[in-house]
Amino acid sequence: MIKVFKPNEFLQLKAIFDVLEQQEIIYYDSETTGFNPFINVPLCFQFTYKQDEAIVIPLFHLMPDQGKQKFYENIYKTPLKKYWGENQEYVKLRLRQLFESNIKFIGQNMKFDNLFVRTYLKIEVKNCFHDTLLAEHLIEENRPRNLNELTLRYTDYGRYWQELETYKNEHGGAGKKKFSYARIPENILYTYAGYDTIVLQIIHQKQQKELDNQKLNYIFYKIVMPYSRVLESIQYNGALIDREETKNLILKYTEELKILTEKLLQTEEIKRTETLLFEMEKQKITEKWYKLKHRALSLNEYTIKYTHKQVFNFSSPKQLAHAIFDVCKMPQICERSTKKEVLDILSKKYPKSFVAYLATLRMCEKFLNTYLINFEKLSRKDSRIHTTYLQDGTVTGRISSKQPNLQNIPNRDLRAEEIRKCFISPAGWSLIDPDYAQIEFRGWAIMSKDPLMLVDLKSGMDIHYKTASSFYGIPIDRVTKDQRNIIKAVTFGTMYGETERSLAEKYNISQEEAKAILYIVLGRYKIGAKYIEDLKLHAKKFGYVTNYFGRRRHFPELLELQKQLLYVDKYSPEAIQYRQMLRQAVNSPIQGFAHDCLSIAGIRLYSAIQKQQLPMQIILDIHDSLLLHIQDNFIPIGCKIIKKCFEKPIGNIEVPLNVELKIGKRWSELKTVEI
């Protein structure tokens with residue numbers, strides 16, 4: 001029998017807190033007025049410490065005279081009433097004491113609830129022990145992991161959320177309309193809230209068995225869970241934005257888009273495409289005329305009246321495909337695909353064609369809409385961007401982010417530098433970027449145990465300069481940075497299982513050159529080359545691969561696809577998917593290793609900042625590196641602390657993990673410093 005208890009009297013409330021503070025483990029969750037902890041508030045916190053029983057502590061509810069407002073109305077306009085009136089501060093005090101105790105808290109997507117604790121109670125949850133969302137992502141990264149799915153997968157409680165969903169749908173909260181949980185009747189909301197923590201108890205217990213079976217306890221409790229606190233802090237801190245610079249760039253990119261669009265519309269290829277589209281439309285109108293039972297107009301009159309001039313739409317994949325493949329007769333890649341990767345390849349192959357302009361147009365659109373406009377919009381409250389980090393956002397262990405997605409800002413690009421220019425440090429502070437040197441390559445060496453790789457790395461050799469020297473037949477000191485970058489890119493492609501053809505297309509070199517570089521790299525590091533093949537064999541045999549720290553990447557479809565390959569050709573969708581999975585089997589352990597190392601460094605650094613109250617703030621996790629604010633007068637000491645946190649040996653890893661530090665007032669102006 002499920003029991004959800006909500007205190008109605010102040011004395012009951014006090015007794016409940018007394019009981020909660022005696023527990024060793026508590027399952028907790030919250031219901032909120034929205035998804036933004038910097039604007040919205042928690043309606044209640046709910047707790048479970050014994051099976052099938054939950055306690056709900058209300059904090060806010062709807063003002064009595066507001067019940068008839070539209071349900072999809074923005075909650076920021078919805079007046080709320082403190083549930084406990086003049087005793088609300090006492091409730092907040094007891095909640096602070098509870099969350100700051102040594103009790104182990106367990107929840108689902110805890111970063112979300114913890115941020116509401118930070119913004120409403122002005123404290124941090126001290127001991128976040130187990131997050132069921134992150135545990136599920138580690139156990140099986142390919143399957144859904146929201147609380148509803150986990151409930152159905154691990155428990156017998158059924159669809160307890162159905163009553164709440166029905167109420168939402170019947171009162172205007174269906175689909176993507178904004179809907180405040182404050183408008184849900186309390187008896188429905190609190191029952192739902194109680195179930196949220198009751199199911200967590202069983203989910204946690206069953207997940208723990210899976211973590212034990214797959215030997216994932218170390219990576220989960222020593223890396224994943226501690227780093228979730230680092231990301232929580234990063235999200236709370238936010239990154240400072242130069243709003244004036246952002247507005248200027250918005251004007252610049254808007255004008256540039258307008259000019260580019262006009263230029264493209266005047267190109268011969270687009271004009272011919274518009275003619276083709278007009279003829280296609282005319283043909284449709286003609287066919288429609290022949291199907292008419294009563295024809296008031298002649299065919300000529302009908303087509304003149306209903307066939308309109310076609311203005312090319314650059315956002316239409318179908319029209320782009322007509323322009324690229326039908327009008328320009330360019331080679332088809334991935335069945336008439338017009339994705340960015342395809343356009344990049346074609347623009348390099350045909351640098352004077354309209355596709356080169358189109359690639360620039362799309363880049364401008366992306367930078368304007370994804371970054372600049374969002375920067376301006378999301379930083380209005382405090383001039384900071386609090387991007388939402390998704391620790392379960394990729395299958396490899398890397399972090400993704402949204403609102404805005406900062407992970408897709410290119411590393412080396414002039415336009416990307418303009419985006420980075422928007423990120424600044426406060427007065428009297430600077431930005432500092434610690435970045436691991438050759439971390440993916442080091443991961444390859446460590447996991448493959450290639451003796452020559454290990455010797456080269458221990459000696460401090462720059463692998464990419466060494467390879468470039470052999471490839472170009474020149475001394476190391478004459479290798480240019482561009483030459484090194486090409487070698488580095490192809491070497492990375494090797495680690496990520498790419499073919500000579502794809503590497504040649506991606507980096508604008510010949511297949512023979514790509515083959516020669518691969519020959520040098522794999523010829524020098526034969527054990528490393530064997531490791532790549534061993535990963536593929538392991539994935540084929542067992543359906544998963546594992547990185548240094550135990551993180552798994554599962555390929556459940558791989559075993560079935562192997563059987564299908566007997567009956568299909570090498571260009572079939574099944575064969576293409578099979579090869580893609582094998583490439584992922586190679587790159588996932590290396591990518592996961594890189595970010596797991598960064599996570600460990602971030603955990604150490606965050607711990608040092610917290611314990612010693614250091615004048616530093618971690619503000620971004622991006623591209624397997626961190627970005628911090630650091631007080632100017634603390635830079636010399638801070639750099640040494642950061643270097644120690646990043647370079648301190650991890651486990652039994654013998655290869656040095658070297659970090660490079662860059663400092664500046666703007667992200668675009670960082671300069672390397674020697675420590």
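The values are calculated or read from the model by the stated rules, or taken from the named source; none is laboratory data. Quick caveat, the model's predicted, so the values are computed rather than measured. Cβ coordinates were reconstructed from backbone atoms using ideal geometry, including for glycine residues, and neighbour counts include every protein chain displayed. Note: accessible area is taken over every heavy atom of the protein model, side chains too, but ligands, DNA and RNA are not part of it. Shrake-Rupley method; radii C 1.70, N 1.55, O 1.52, S 1.80 Å.
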> Scanning segment 231-246 for residues that are touching a Leu at 6+ places or on another chain (Cβ under 8 Å) and in a helix (DSSP H, G or I), which turns out surrounded by the fewest Cβ atoms within 10 Å (Cβ to Cβ)?
Replying inline: Y236
>> Which of the numbered conditions does E274 fail, given that it passes all the others? Conditions: (1) surrounded by 14 or more Cβ atoms within 10 Å (Cβ to Cβ); (2) farther than 30 Å from F367 by Cα.
In response: (2)
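Is there a residue in segment 530-540 that is of a type in the set (A, V, I, L, M), at pLDDT 90 or above and in contact with a strand residue (DSSP E or B) (Cβ under 9 Å, 6 or more places away or on another chain)?
Scanning segment 530-540 turns up at least one residue that is of a type in the set (A, V, I, L, M), at pLDDT 90 or above and in contact with a strand residue (DSSP E or B) (Cβ under 9 Å, 6 or more places away or on another chain).
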>> So, in segment 280-306, how many residues would count as being open to solvent by less than 90 Å² (accessible area, probe 1.4 Å) and under 28 Å from V355 (Cα atoms)?
In response: 3
> So which residues in segment 87-128 are surrounded by fewer than 17 Cβ atoms within 10 Å (Cβ to Cβ) and hydrophobic (A, V, I, L, M, F, W, C), if there are any at all?
Replying inline: L93, I123
> Checking E281 against (1) assigned to a helix (DSSP H, G or I); (2) closer than 30 Å to S599 by Cα, which single condition isn't satisfied?
Replying inline: (2)
>> Checking L358 against (1) open to solvent by 70 Å² or more (accessible area, probe 1.4 Å); (2) under 30 Å from K282 (Cβ atoms), only one condition comes out false. Which one?
In response: (1)
> Taking only pairs six or more apart or across chains, which ones have beta-carbon atoms under 7 Å, a first residue in segment 396-423 that is under 16 Å from K671 (Cα atoms), and a second residue that is polar (S, T, N, Q)?
Replying inline: E417/S668; R420/S668; K421/S668
> So V521 fits all but one of (1) β-branched (V, I, T); (2) over 30 Å from E669 (Cβ atoms); (3) open to solvent by 20 Å² or more (accessible area, probe 1.4 Å); what number is the exception?
Replying inline: (3)
>> Looking at Y90, Y49, can you tell me which residue is at pLDDT 95 or above and part of a strand (DSSP E or B)?
In response: Y49
>> Being part of a helix (DSSP H, G or I), buried (at least 16 other Cβ atoms within 10 Å of the Cβ) and at pLDDT below 95 is the requirement here; does A193 meet it?
In response: no
> In this structure, does I619 turn out to be in contact (Cβ under 8 Å) with a residue 12 or more places away in the chain, within 30 Å of I446 (Cβ to Cβ) and assigned to a loop (DSSP other than H, G, I, E, B)?
Replying inline: no
> Which residues, counting only those in segment 1-47, are under 18 Å from V199 (Cα atoms), in contact with a Ser or Thr (Cβ under 8 Å, 6 or more places away or on another chain) and open to solvent by 20 Å² or more (accessible area, probe 1.4 Å)?
Replying inline: V4
> Could you count how many residues in segment 525-567 are open to solvent by 60 Å² or more (accessible area, probe 1.4 Å), part of a helix (DSSP H, G or I) and in contact with a helix residue (DSSP H, G or I) (Cβ under 6 Å, 6 or more places away or on another chain)?
Replying inline: 2
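Across segment 150-190, what is the total count of residues that are open to solvent by 70 Å² or more (accessible area, probe 1.4 Å) and within 18 Å of Y28 (Cα to Cα)?
Number satisfying all stated conditions: 0.
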> What is the residue count in segment 626-649 for residues that are crowded, with 18+ Cβ neighbours inside 10 Å and over 23 Å from G428 (Cα atoms)?
Replying inline: 2
>> Pairs needed: first member in segment 8-22, over 15 Å from W84 (Cα atoms); second member anywhere, assigned to a helix (DSSP H, G or I); C-beta distance under 8 Å; at least 6 residues apart or different chains.
In response: L20/L98; E21/Q97; E21/L98
> Going through segment 311-330 one residue at a time, which ones are assigned to a helix (DSSP H, G or I) and either more than 19 Å from K366 (Cα to Cα) or open to solvent by less than 20 Å² (accessible area, probe 1.4 Å) (or both)?
Replying inline: K318, Q319, L320, A321, H322, A323, I324, F325, D326, V327
> Residues that are farther than 24 Å from M1 by Cα: which helices (runs of 4 or more DSSP H) entirely in segment 130-171 hold 2 or more of them?
Replying inline: 132-139, 162-170
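Among I590, I576, I650, I600, which is the only one that is closer than 30 Å to H538 by Cα, in a loop (DSSP other than H, G, I, E, B) and among the aliphatic types (A, V, I, L, M)?
Unique residue meeting the criteria: I650.
Has segment 572-580 got at least one residue that is of a type in the set (A, V, I, L, M) and surrounded by fewer than 21 Cβ atoms within 10 Å (Cβ to Cβ)?
yes
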>> Condition first: part of a helix (DSSP H, G or I) and polar (S, T, N, Q). Now tell me which residues in segment 456-482 satisfy that.
In response: T467, S469, S470
>> For segment 437-474, give me each residue that is more than 12 Å from V521 (Cα to Cα), open to solvent by less than 40 Å² (accessible area, probe 1.4 Å) and β-branched (V, I, T).
In response: I439, I446, I474
> How many residues does segment 650-662 contain that are open to solvent by 10 Å² or more (accessible area, probe 1.4 Å), among the aliphatic types (A, V, I, L, M) and out of contact with any strand residue (DSSP E or B) (no Cβ under 7 Å at 6 or more places or on another chain)?
Replying inline: 1
> Looking at segment 52-68, which of its residues are touching a Leu at 6+ places or on another chain (Cβ under 9 Å), at pLDDT below 90 and in a loop (DSSP other than H, G, I, E, B)?
Replying inline: M63
>> Contact list please: Cβ distance under 8 Å, first residue in segment 126-139 and closer than 13 Å to G397 by Cα, second residue assigned to a strand (DSSP E or B) and of a type in the set (D, E, K, R), pairs at least six apart or on different chains.
In response: L138/R552
> Which of the residues spanning segment 331-355 are surrounded by 17 or more Cβ atoms within 10 Å (Cβ to Cβ) and not hydroxyl-bearing (S, T, Y)?
Replying inline: I333, V342, L343, D344, I345, L346, F354, V355
>> The conditions are (1) among the aliphatic types (A, V, I, L, M); (2) at pLDDT below 95; (3) under 22 Å from Q51 (Cβ atoms), and A174 fails exactly one of them. Which is it?
In response: (3)
